[in-house]
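Written out below as structure tokens is the structure these notes cover.
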There are 2 protein chains.
Amino acid sequence: MQTRQIHLVRRPNGVPVAKDFEIVSSDLAEPRPGEIEVEAVLLSVDPYMRPRLNADQALNEAMLGTGIGRVVSSRDPAIQKGALVRHGAGMRERFVVPAGVVRILHPDPALPLSVYMHALGGTGLTAYGGLLEIGALKDGEQVVVSTAGGAVGSVAAQIAKIRGCHVVGITGSDAKLSWLLDEAGIDAAINYKTSDLPAALAAATPKGIDVYFENVGGAHLDAALKLMNVNGRIPLCGMISTYNGAGEGVNNLFEMIYRRVRMQGFVSTDFAGLNDRFTHDMTEWLKAGRIKYQETIVDGFESAPEALIGLFSGSNAGKMLVRVSD
Amino acid sequence: MQTRQIHLVRRPNGVPVAKDFEIVSSDLAEPRPGEIEVEAVLLSVDPYMRPRLNADQALNEAMLGTGIGRVVSSRDPAIQKGALVRHGAGMRERFVVPAGVVRILHPDPALPLSVYMHALGGTGLTAYGGLLEIGALKDGEQVVVSTAGGAVGSVAAQIAKIRGCHVVGITGSDAKLSWLLDEAGIDAAINYKTSDLPAALAAATPKGIDVYFENVGGAHLDAALKLMNVNGRIPLCGMISTYNGAGEGVNNLFEMIYRRVRMQGFVSTDFAGLNDRFTHDMTEWLKAGRIKYQETIVDGFESAPEALIGLFSGSNAGKMLVRVSD
């Protein structure tokens, strides 16, 4: 049978555009012994994909990425037809892979499946590990989160609230700002597009900053560095200000010296060892309504490029997903 | 009696100039019970003093700083006349202080006293703690040191050699470069003023960088960030490129994310707990000739401002000291 893939066909110049991608049909082989055939259910689109487009994403091959799929045919005794699986097979509508490369998912029936792609997926684990392990968060500390309206930032901000911290979020729209204050219940929020960020951040952090959860870089980082407390930590999760090539230099790193600030980069795969504790905690928090979330789900496999492009104009509220099938 | 102090009389604009300082005479009181009178022997001048000149250094008061002095009169039974002491009394030719604010120094007779102001003093401890504790150096790693010809950098580079590492130094003159290769015995040295630093550093680090000991910032840091290995560490000791206000922005911090790089600021007072181990190790290394050093000693109390100014034009080879008395 024929199936579709999203290919990168040229390297983007700045913000990606539709012409950088193409939808390509090809033949799908039957699964051989030990293999399974999977149909895509949900695909994830994420900011981390942008730097890949200029580096390890091959041209004229399926876009790298993760998703949840359903097994439609299995030649491996450990996986039943109909099982839901997490996979890293990228943007493919249907695919055949060795059974060992997917992980069977047993979603909690009280939660929607989509949360396993964000709060209970890689983005939630990124927030959890980045804040608690890399950020070494202590109860009651002073916390600032950038891109606090996004999939990772919104979870990080709420985990800090659960830990009794004073939490300030930085975001880029008044709608996200209202959501952060009214739904997520953080202590203060700043729209960096309509504020003088250094002044607004200083006003919102009268006790300084112990942990700055960083997704932006540039002027955001410079503003936070001026306010860090001694022995503060900056878990460096992302640097979206640089991904499309229009990066601003960072000028205040010298502030790290006398304040003994630690800044550390990380990726979610560093936290595989935390997965059981994370799944337990996050399932409880979601069921108790202590972690709220927003998701923007676009329908149809062919919408994936436009969903990815939209991330860089802030068109998503919370986690951006593509629904391929029900 | 009358004694002299070096005062800051106006805040420097960029690189300090002679007119920013003044030599002021004043009366010295007799020591009271529990106090000692000390004459300065050696004064330290250091890059860290520059940011202070625009911040916590008071105008029209003695310049903050450390030195070695000799007790000329004691009204405290724990300290004998003639004892050598370390002090933080600043740039004063003679002074009276409570006995408790100095530390008695018992120099090893096989070593010159001046080493207690650099390799066996705060600058040596800064290199030792920064490299081993903050940098978490492991034997045999790939190490780059900036300002490798300076007081801290030259010690850090040689400690890394003692630990079996591959060591590359970055410096600003061919004389320092030759000293690093021929005397200190490091593996490669780069004169950043006459080289294309990113290209030269890449060529000198074919196995990447595990620890980058940072004293400069700006373009130096950007070049190193591109070459860091996964789980690399950047002990942030200084950022001399920014101290005189002409700072260059840093643009490559995003490299820290996928490489999981940790960058951490520190100051030598963080390492008080290491002092005994440091003194033991460094004394052995110096006596065995495993740590070489250069020092630039200017004579006369009144030379202190010019010595400090000279630091920022690289007029020192190694540690800069002022000899006030023998």
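Nothing in this text is a laboratory measurement; each read-out follows from the coordinates by a stated rule. Note that the structure is predicted; figures quoted are calculated from it, not measured. Backbone-built Cβ (ideal geometry, glycine too); neighbour counts: all protein chains shown.
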Mind listing the label-point distances from B:ALA202 to the same position on all other copies, shortest first, one decimal in nm, points 7 Å along Cα→Cβ?
-> 4.0
Segment A:GLU302-A:GLN80, length gained on full extension (0.36 nm per residue, minus Cα span) | 77.1 nm
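At R0 = 25 Å, how high is the FRET efficiency between A:LYS207 and B:THR269 if r is their beta carbon distance? Nearest 0.05 is fine. Don't skip to the answer; put the middle values down first.
Working: r = 23 Å, r/R0 = 0.94.
With R0 = 25 Å, the Cβ-Cβ based efficiency is 0.60.
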Give the Kirkwood hydrodynamic radius (Å, one decimal) of chain B, defined as one over the mean of 1/r across all pairs of different Cα atoms.
-> 20.5
Would you mind ranking B:MET1, A:MET49, B:MET282, A:MET263 so that the residue whose beta carbon has the fewest other beta carbons within 10 Å leads the list?
-> B:MET1, A:MET49, B:MET282, A:MET263
Other copies of B:GLU183: label-to-label distances in nm, shortest first, labels 7 Å along the beta-carbon direction | 6.6
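Using Cβ counts within 10 Å as a stand-in for footprinting exposure, how do B:TRP285, A:TRP179 rank, fewest first? Before the final figure, lay out each step's value.
On the way: B:TRP285 19, A:TRP179 23.
Taking fewest neighbouring Cβ atoms as first place, the list is B:TRP285, A:TRP179.
Using Cα pairs closer than 8 Å and at least 6 residues apart in sequence, work out the relative contact order for chain B, in percent.
On the way: 702 pairs, mean separation 59.3, N = 326.
With pairs under 8 Å counted, the relative contact order is 18 percent.
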Given label points at 7 Å from Cα along Cα→Cβ, what nm distances, shortest first, separate B:LEU111 from the same residue in every other copy?
-> 5.8
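Applying 1/(1 + (r/R0)^6) with R0 = 35 Å to the Cβ-Cβ distance of B:ARG277 and A:ASN13, what FRET efficiency is obtained, to the nearest 0.05? Each step should come with its number before you reach the end.
On the way: r = 55 Å, r/R0 = 1.56.
With a Förster radius of 35 Å, E is 0.05.
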A from B by rotation - nearest chain B beta carbon to the axis, in Å = B:GLY249, 1
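Region B:1-85: D in µm²/s via Stokes-Einstein (Kirkwood Rh, Cα pairs, 37 °C, 0.692 mPa s)? Each step should come with its number before you reach the end.
Values: Rh = 14.6 Å.
Rounded to a whole number, D works out at 225 µm²/s.
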Between A:ALA199 and A:GLU30, take the C-beta separation as r, use R0 = 60 Å, and let me know the FRET efficiency to the nearest 0.05.
-> 0.40
If only Cα atoms are counted, what is the Rg of region B:44-118, and what is its Dmax, in Å?
-> 13.9, 41
Subset of A:LYS226/A:LYS287; B:LYS19/B:LYS292; B:LYS176/B:LYS287; B:LYS287/B:LYS319; A:LYS19/A:LYS319 violating a 29 Å alpha-carbon distance limit | A:LYS226/A:LYS287; B:LYS19/B:LYS292
Charges only on Cβ, +1 for Lys and Arg, -1 for Asp and Glu: so what's the dipole of the protein assembly as shown about the Cα centre, in debye to the nearest 20?
-> 380
Set Lys and Arg Cβ to +1 and Asp and Glu Cβ to -1, take the dipole of region A:34-146 about its Cα centre, and tell me which of A:HIS118, A:LEU64, A:TYR128 lies farthest positive.
-> A:LEU64
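Would you please name the GluC sites (Glu not before Pro) within region B:2-88 that are DSSP coil residues with at most 15 other C-beta atoms within 10 Å of their C-beta? Walk me through the numbers on the way to the answer.
Numbers: sites: B:GLU22, B:GLU35, B:GLU37, B:GLU39, B:GLU61; in loops: B:GLU61.
In loop regions of region B:2-88 (DSSP not H, G, I, E or B), the sparsely surrounded GluC sites (Glu not before Pro) are B:GLU61.
How high is the relative contact order of region B:122-269, in percent, counting Cα pairs under 8 Å that sit 6 or more residues apart?
Working: 307 pairs, mean separation 34.0, N = 148.
Rounded, it is 23 percent for region B:122-269.
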Report, in debye and to the nearest 20, how large the dipole of region A:122-269 comes out about its Cα centre when Lys and Arg carry +1 and Asp and Glu carry -1 on their Cβ.
-> 320
Computed Rg/Rh for region B:237-326 (Cα atoms; Rh = Kirkwood radius) stands at 1.06
Write out the GluC sites (Glu not before Pro) in region B:129-228 meeting two conditions: DSSP loop, and at most 15 other Cβ atoms within 10 Å of their Cβ.
-> B:GLU183
Magnitude of the charge dipole, chain A, Cβ model with Lys/Arg +1 and Asp/Glu -1, debye to 20 = 420
Calculated P(r) of region B:138-236 - Cα pairs past 17 Å, % = 40
Among B:SER154, B:GLY169, B:TYR212, the residue whose Cα sits farthest towards the positive end of the charge dipole of region B:122-269 (+1 at Cβ of Lys and Arg, -1 at Cβ of Asp and Glu, taken about the Cα centre) is B:TYR212
